[in-house]
Amino acid sequence: MPKPKNKKELAEAASKNFNELLAFVDSLSPTLVESDFSTNTMNRNVRDILAHIHHWHLLMINWYNTGMSGKKPAMPMEGFTWKMLPSLNRTIWEQYQGVPLSEIRTLLADSHKSVRAIIEKHSNEDLFTKKKYHWTGSTSLGAYLISNTSSHYAWALKQIKKGIKK
């Protein structure tokens, strides 16, 4: 699917890719869903990948709320720079190790709904005009939302498919 270029495409891609991700997970046997893929990767199972997506939703929501209140959000997260993504992702992974998949699914559905509400709240111009909001820097709000929805869901599906083949 091509990268969304307007609000309608973003909303459709976010829904489509999210639903495809969850439908694929739901199609797996309980054994596959609970199995580890490989010890050579940080995201070792379905839970790890869904928790990763959920937490990045939370980051997006925080950036948005902070930015829209007139402040500059700590991006990607307080104490981390974009060059430190492997460390940040490791921190996220560690945070969810004791959380059962059933709880992750609920958290993910809720955070997805919150991110979708941000998309729905804004006009096409609000979403896709670069530099419209000071906190998005030289890019657009839509670019952040694409990265945290449709593109991230496609990545997650690819990772799960790759993991279960091993």
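Values for this structure:
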| read-out | value |
| --- | --- |
| The stretch 1-11, residues that are without any contact (Cβ under 8 Å) to a residue 40 or more places away in the chain and either touching a strand residue (DSSP E or B) at 6+ places or on another chain (Cβ under 6 Å) or surrounded by 15 or more Cβ atoms within 10 Å (Cβ to Cβ) (or both) | E9 |
| The stretch 31-53: number of residues that are within 30 Å of G137 (Cβ to Cβ) and touching a Lys or Arg at 6+ places or on another chain (Cβ under 9 Å) | 2 |
| The stretch 69-97, subset outside any loop (DSSP other than H, G, I, E, B) and not hydrophobic (A, V, I, L, M, F, W, C), residue farthest from I49 (Cα to Cα) | K83 |
| Test result for R90, surrounded by 14 or more Cβ atoms within 10 Å (Cβ to Cβ), in contact (Cβ under 8 Å) with a residue 24 or more places away in the chain and charged (D, E, K, R) | no |
| Among residues of the stretch 2-37, those that are more than 17 Å from Q159 (Cα to Cα) and aliphatic (A, V, I, L, M), counted | 4 |
| Hey, V33 of a type in the set (A, V, I, L, M), at pLDDT below 95 and not in a loop (DSSP other than H, G, I, E, B) or not | yes |
| Test: residue in the stretch 38-57 that is of a type in the set (S, T, Y), more than 13 Å from Y153 (Cβ to Cβ), more than 15 Å from the chain's Cα centre (by Cα) and assigned to a helix (DSSP H, G or I) | no |
| Search result, residues across the stretch 12-69 that are among the aliphatic types (A, V, I, L, M), surrounded by 19 or more Cβ atoms within 10 Å (Cβ to Cβ) and touching a Ser or Thr at 6+ places or on another chain (Cβ under 6 Å) | A13, A14 |
| Filter result for S111 (among the polar types (S, T, N, Q), within 25 Å of L32 (Cα to Cα) and in contact with a Pro (Cβ under 7 Å, 6 or more places away or on another chain)) | no |
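The values are calculated or read from the model by the stated rules, or taken from the named source; none is laboratory data. Please read these numbers as outputs of a predicted model, since none were measured by experiment. Every residue, glycine among them, receives a Cβ derived from its backbone with ideal geometry; neighbour counts consider all protein chains shown.
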